[in-house]
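Every number in this text was worked out from the coordinates using simple rules, so none of it is lab data. What you are looking at is a predicted structure, and each value in this text was computed from that prediction instead of being measured. No Cβ is skipped: glycine too gets one built from the backbone with ideal geometry, and neighbour counts run over all protein chains shown.
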Amino acid sequence: MSDLNITIVQSDLHWEDIPANLEHLALLLEDVDPHTDLIVLPEVFNTGFPVDPEKFAENESGPTIQWMREMAARHDCVITGSMLFDENGKFYNRLIWMQPDGSYDHYSKRHVFTLGEEADIIQPGQENKIFKLKGWKIKPQVCYDLRFPVWAKNTYSDDGFEYDLLFYVANWPAVRSFVWKHLLVARALENQTYVVGVNRIGRDGLGHDYSGDSCLVNAKGQVVSDFKENAEQLKSYSISMDEMNAFRNKFNVGLDWDKFTIE
């Protein structure tokens, strides 16, 4: 099984300014490692969070999807991040998984943030997704989903583990950074998987501060690499399936995981 090369983009975001965000991120991506297989952007990377979907939600013909197609083709890799999406008049916080050939899949945020009034304007997603890339099975999640471990739970069967990489894109405020960092480690430990967390920095239009704290955690719960607080950074990593499988085979708690269904 080949290694997977991931680029994490920890960036500031321009409040409610789609053209400025797309231009800024395109400049940052000029420094992407040419061997990258996957670029991960923050949650609502084109607008900031939360904003009025009546004004800023797009559909597949909008500028953000077109920009993602251009970036995926230019860098010959998958690019992913979430945006406000308008689907027949219903609004979703939707993660787009854009492939170099211009085709894409998506995952809509399941747990919309009631305390931040997101639940008043955004429809919750109903479907868990697993994307595949270079033989890796990859599970996407968005921000507040991190607080709900059942929704992210890995499974194990005769076919092996359901997924090999779990990632979260976020606008997670600095005031709760302790929770962010510790729950990412917990998700890696309880699911025996790599976990990537990608968060923004800066201050949004409502006065909320974001410190970033993006990181990569291995299946042992070790933080392989983290980012400087409050610093705009782009980092690339190579993760090893062989290394993770060696650990899983030696200490496979998946054999004893509970089986359950989600309503």
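Between helix 63-75 and the chain there is an angle of about 50 degrees, using the helix long axis and the longest principal axis of the Cα atoms. In the calculated pair-distance distribution of the range 96-171, the portion above 17 angstrom amounts to 50 percent of the Cα-Cα pairs. For K55, the lysines whose Cα falls under 26 Å of its own Cα, not counting residues fewer than eight places away in the same chain, are K90, K109. Remark: the range 1-112 projects, on average over all directions, an area of 7.4 nm² (convex hull of Cα atoms).
Counting every other Cβ atom within 10 Å of each residue's Cβ, I130, I96, I39, I65 order from fewest to most as I130, I65, I96, I39. If I model a spin label at E60 and E117 as a point 7 Å from the Cα along the Cα→Cβ vector, what separation in nanometres do I get? Modelled inter-label distance: 3.2 nm.
Rounded to the nearest 5, the antiparallel percentage of DSSP beta bridges internal to the chain is 65%. Electrostatic bookkeeping for G116 treats Lys and Arg as +1 and Asp and Glu as -1; over the other residues with beta carbon under 15 Å from its beta carbon, the sum is -4.
With θ taken as phi - 60° and the Karplus curve 6.51 cos²θ - 1.76 cosθ + 1.60 applied, the whole-hertz 3J(HN,Hα) list for the range 84-89 is 7, 10, 9, 10, 6, x Hz, x standing for glycine and proline.
Per residue of the chain, what 222 nm ellipticity follows from adding -39500 (n - 2.57) for every DSSP H run with n ≥ 4, rounded to the nearest 500?
Per the formula, -6000 deg cm²/dmol.
As a proxy for reagent exposure, ranking C215, C143 by other Cβ atoms within 10 Å from fewest up yields C215, C143.
Length, then width, then depth: along the principal axes, the Cα atoms of the chain run 51, 41, 35 Å.
Couplings 3J(HN,Hα) for the range 34-39, derived from phi with the Karplus relation 6.51 cos²θ - 1.76 cosθ + 1.60 (θ = phi - 60°), are x, 8, 5, 9, 8, 10 Hz, where x marks Gly and Pro.
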